[in-house]
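In what follows, a structure is listed as structure tokens, so that the remarks can point back to it.
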Amino acid sequence: MLTRLLDQNRRPLTFVVDEEEITAKQGDTLLTAMLAAGLGHVRHSEFGDGDRAGFCWMGACQDCWVIVEGRGTSRACTTLVEPGMRVLRR
Amino acid sequence: MKVAVVGAGPAGVRAVEQLVRAGLEPTWLEESPDGGGRIYQRPPAGFRRGYRAIYGADAGRARRLHATLEALKPRCDWRPDTLVWNIRTRERLLDTQTAGRRRDTLAYDALILCTGAMDRILPIPGWTLPGVTTLGGAQIALKAQGVGIGARPVFIGTGPLLVLAALQYAKAGAPPALVLDTTSFLTKAMAAAGLLWNLPTFLRGLRYTAALRMKGVAVAEDATPIAIEGEGKVMALRWRDSGWREHVTPCDAVAMGWGLKPEAQLADLAGVPFRFDATGHNWLPERDAAGRTPVPGVYLAGDGAGIGGAEVAELAGARAALALLEDHALPADLALRAHLDGRLRTEARFRAALERAFPYPAHLARRMEDATLLCRCEAITAGELRAVARYGGSEANRAKALSRVGMGRCQGRVCGPPAAEVLAAALGVPVEQVGRLRGQPPVKPIPLPGAA
């Protein structure tokens, strides 16, 4: 499981994933925040072969797509968390 | 003259530096919100660790690159968070998208593409489980987010990044349960003479491996990954050692990568022809030693033009800019040109030895089990690709049309190389004969106009 290791003394902030309030830290990407909070995955494969939690962490594989309210489909690995952000997992 | 530079990693920074020196004001497009590239990626605002803690032995290099980047931003048309999603090469136009929505079209007279690289992958059962990342991804997680992909990860693959990333995790407090290198010691030893072309880098590699073993991390060479096990998360790696004994190593994450492949989709759209490089086992856009392509006005530098690493990318970026200046009768630093040509020649020899020392395990891709998920976007198995090989899918793009392998959201970035091996093996031909997946605009998914 994703583990916070270094430089984690940052300002906390909260955002919402699927109606659930999640605590993150300033500078977290959505991918970091969701996985570090123990959500386990960020999307389901459209083909029914299981949950996904990103892969490349650099905006190439497109396997960490989430829906961000007001922005639409976004890559969790390249989107920084903002206070009050609302995210849907598909 | 309108010059555009795509990418603000090491190659892009050094290219723009030379263009600005010559009095130009290039448009500089970077897909990320910040420059630096992946190797010198900076954490977002809020992180406090210093250069030494983040970049280790590369701290000085990172600091200098970032300083140049910041000095250049006000001296050009700096456009971060901007994806170049198409190149209309005949009209010399770039189609861009900024901040995920704002569209623009940009005219250019000359173009330098510094588009970087990503990890080269070998699919094995379980590789789509949450907790499995690329080696580069595992490194970015630690460097730019201060997180580990797991508390007890396993690193599999080959190449300099395998040992480096594993050591960084060990130092950060998440010691790898295993480092599995698919390359044998003998293969590496046979390339040792060539590696002397860059003695400091070669010695650094040896030091990292020694440090890893000193920290008690198990390193298995000439080993074969069999499967990543777990339900909804990573629980263990099943693997075989060089003596064909099977092991199960419990772990909570897996990072995988077998060297790098160029992100050359834009060069493809620009009309640059490609050739198969047998040494690096990659399709590369054609360019001369300075970075000129057969397409007038288009130049390439850095890992997107052929894998060389961050140090070479800096040299190549500057060199491509000098070529552009010369070709357009603008003042170019001739002493610098001679220096760069010498360095690039030496580094090319080192790189060739490095590729021989850490080969892509094509044999493992070729005998991938039928049930293994090959294309993670479309969830297509190796067996499904083999089936279309029998029905006329004798070329990568034809096989893509028939099987959907490489047709998904990543457009074959991830599955392209292993899929080519599977297809070639099914057809009984050399891998270069099945060709490569053609780039298609948009090079990355973009929202439809008018859609939310």
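Read the figures in this text as sums done on the coordinates, not as results from a lab. On a predicted model such as this, the values are computed, not experimentally measured, just so you know. A quick note on method: Cβ atoms are made from the backbone with ideal geometry, for glycine too, and the neighbour counts reach across all protein chains shown.
Using DSSP to define loop residues, name the trypsin sites (Lys or Arg not before Pro) in region B:321-398 whose beta-carbon has at most 16 other beta-carbon atoms within 10 Å. Working shown, then result.
Values: sites: B:Arg337, B:Arg343, B:Arg345, B:Arg349, B:Arg351, B:Arg356, B:Arg366, B:Arg367, B:Arg376, B:Arg386, B:Arg390, B:Arg398; in loops: B:Arg367, B:Arg376, B:Arg390.
Passing sites in region B:321-398 are B:Arg367, B:Arg390.
When the Cα positions of B:Thr182, B:Pro153, B:Pro200 are compared along the charge dipole of region B:121-258, B:Pro200 comes out farthest toward the positive end, with charges on each C-beta of Lys, Arg, Asp and Glu.
Suppose we flag chymotrypsin sites (Phe, Trp or Tyr not before Pro) only when DSSP calls them loop and at most 15 other Cβ atoms lie within 10 Å. Which is the longest uninterrupted stretch of chain B? If you can, show how the numbers build up before the last one.
Numbers: sites that count: B:Trp244, B:Tyr391.
The longest uninterrupted stretch comes out as B:1-243.
Enter the angle in degrees (range 0 to 90, nearest 10) between the Cα long axis of helix B:310-327 and the first principal axis of the Cα atoms of chain B, meaning the one along which they spread out most. Once rounded, one gets 30 degrees.
Taking every alpha-carbon pair under 8 Å whose residues sit at least 6 apart, chain B reaches a relative contact order of 17 percent. A simple rule links phi to the HN-Hα coupling: the Karplus curve 6.51 cos²θ - 1.76 cosθ + 1.60 with θ = phi - 60°, which for region B:62-74 gives 5, 4, 5, 5, 5, 5, 5, 3, 5, 5, 7, 3, x Hz, with x for Gly and Pro. In plain terms, the residue of B:Leu336, B:Leu195 with the fewest other Cβ atoms within 10 Å comes first and the most crowded comes last, giving B:Leu336, B:Leu195. Relative to the longest principal axis of the Cα atoms of chain B, helix B:416-427 runs at roughly 60 degrees.
Among the lysines, select those whose C-alpha is under 26 Å from the C-alpha of B:Lys73, and discard any that sit fewer than 8 residues away in the same chain. Those lysines meeting the cut-off are B:Lys2, B:Lys143, B:Lys444. Under 5 Å between amide hydrogens, built in the peptide plane, is the criterion, and for B:Gly257 it picks out B:Leu135, B:Ile156, B:Gly157, B:Thr158 among residues at least 5 positions away or on other chains. Summing charges over all other residues whose Cβ lies under 15 Å from the Cβ of B:Gly439, with Lys and Arg as +1 and Asp and Glu as -1, gives +4.
Dipole check for region A:14-88: with +1 at the C-beta of Lys and Arg, -1 at the C-beta of Asp and Glu, and the Cα centre as origin, the magnitude is about 280 Debye.
Note down the relative contact order for region A:14-88 as a percent, whole number, built from C-alpha pairs under 8 angstrom at least six residues apart. Don't skip to the answer; put the middle values down first.
Numbers: 140 pairs, mean separation 27.1, N = 75.
Over region A:14-88, the number comes to 36 percent.
Note on B:Ser184 and B:Val429: the model spin-label points, each 7 Å out from Cα along the C-beta direction, lie 3.1 nm apart.
Partner aspartates and glutamates whose Cα lies under 13 Å from the Cα of B:Lys188, excluding those fewer than 8 positions away in the same chain, are identified as B:Glu221, B:Asp222, B:Glu355.
Taking GluC sites (Glu not before Pro) in DSSP loop states with no more than 10 other Cβ atoms inside 10 Å as exposed sites, chain B has its longest site-free stretch at B:232-452. Treating each Cα of the protein assembly as shown as an identical point scatterer and summing with the Debye formula, the log10 of I(q)/I(0) at q = 0.05, 0.07, 0.10 Å⁻¹ comes to -0.18, -0.36, -0.79. I'd like the orientation of helix B:199-214 relative to chain B: the angle between its Cα long axis and the longest Cα principal axis, in ° from 0 to 90, rounded to 10. On a 0 to 90 degree scale, this one is about 30. Put a plus charge on the Cβ of each Lys and Arg, a minus charge on the Cβ of each Asp and Glu, and nothing anywhere else: the dipole of region B:362-434 about its Cα centre is then about 160 debye. Oblate is the label for region B:121-258, because the ratio a/c of its alpha-carbon gyration tensor axes (a ≥ b ≥ c) is 1.5 or higher and a/b is not greater than b/c. What value, in deg cm²/dmol to 500, does the helix sum -39500 (n - 2.57) over DSSP H runs of n ≥ 4 give at 222 nm once divided by the residues of chain B? After summing the helix terms and dividing by the residues of chain B, the value is -10500 deg cm²/dmol. Put the Cα centre of region A:15-90 next to the Cα centre of region B:1-62 and the gap is 26 Å. Would you work out which of A:Gly72, B:Ala107, B:Gln41 lies farthest towards the positive end of the dipole of the protein assembly as shown? Charges go on Cβ: Lys and Arg +1, Asp and Glu -1. The one lying farthest along the dipole's positive direction is B:Gln41.
Annotation: amide H-H contacts under 5 Å for B:Glu30 (H modelled 1.01 Å from N, sequence separation of 5 or more, or interchain): B:Gly7, B:Arg79, B:Asp81, B:Thr82. Rounded to the nearest 20 debye, the dipole size of chain B about its Cα centre is 600 debye, using +1 on the Cβ of Lys and Arg and -1 on the Cβ of Asp and Glu. Each of B:Gly137, B:Pro80, B:Leu212 was placed along the dipole of the protein assembly as shown (beta-carbon charges, centred on the mean Cα), and the one lying farthest toward the positive end is B:Leu212.
Under the combined filter of DSSP loop state and at most 15 neighbouring Cβ atoms within 10 Å, chain A retains these chymotrypsin sites (Phe, Trp or Tyr not before Pro): A:Phe47.
Over the protein assembly as shown, what is the percentage of antiparallel beta bridges among all DSSP beta bridges, to the nearest 5? Intermediate results must be reported in sequence, preceding the final value.
Working: 49 of 79 bridges.
Antiparallel bridges make up about 60 percent of those DSSP assigns within the protein assembly as shown.
Counting other Cβ atoms within 10 Å, which trypsin sites (Lys or Arg not before Pro) in region B:1-59 have at most 15 and lie in a DSSP loop?
Those that pass, being in a loop and sparsely packed, are B:Lys2, B:Arg48, B:Arg49.
As a rough footprinting exposure proxy, the listed residues B:Cys114, B:Cys415 were ranked by other beta carbons within 10 Å of their own, and the order from fewest upward is B:Cys415, B:Cys114.
Tell me, B:Asp58, B:Asp303 in order of fewest to most beta-carbon neighbours within 10 Å? Present the calculation step by step, with values, prior to reporting the outcome.
Values: B:Asp58 17, B:Asp303 29.
Sorted ascending by nearby Cβ count, the order is B:Asp58, B:Asp303.
Given R₀ = 56 Å, what would the calculated FRET efficiency be for B:Arg275 paired with A:Glu21, taking r from the Cβ atoms and rounding to 0.05? The value I calculate is 0.55.
Report the local net charge at A:Cys56: Lys and Arg +1, Asp and Glu -1, summed over other residues whose C-beta lies under 9 Å from its C-beta.
In short, -1.
Over all directions, the projected convex hull of the C-alpha atoms in region B:362-434 averages 3.9 nm² in area.
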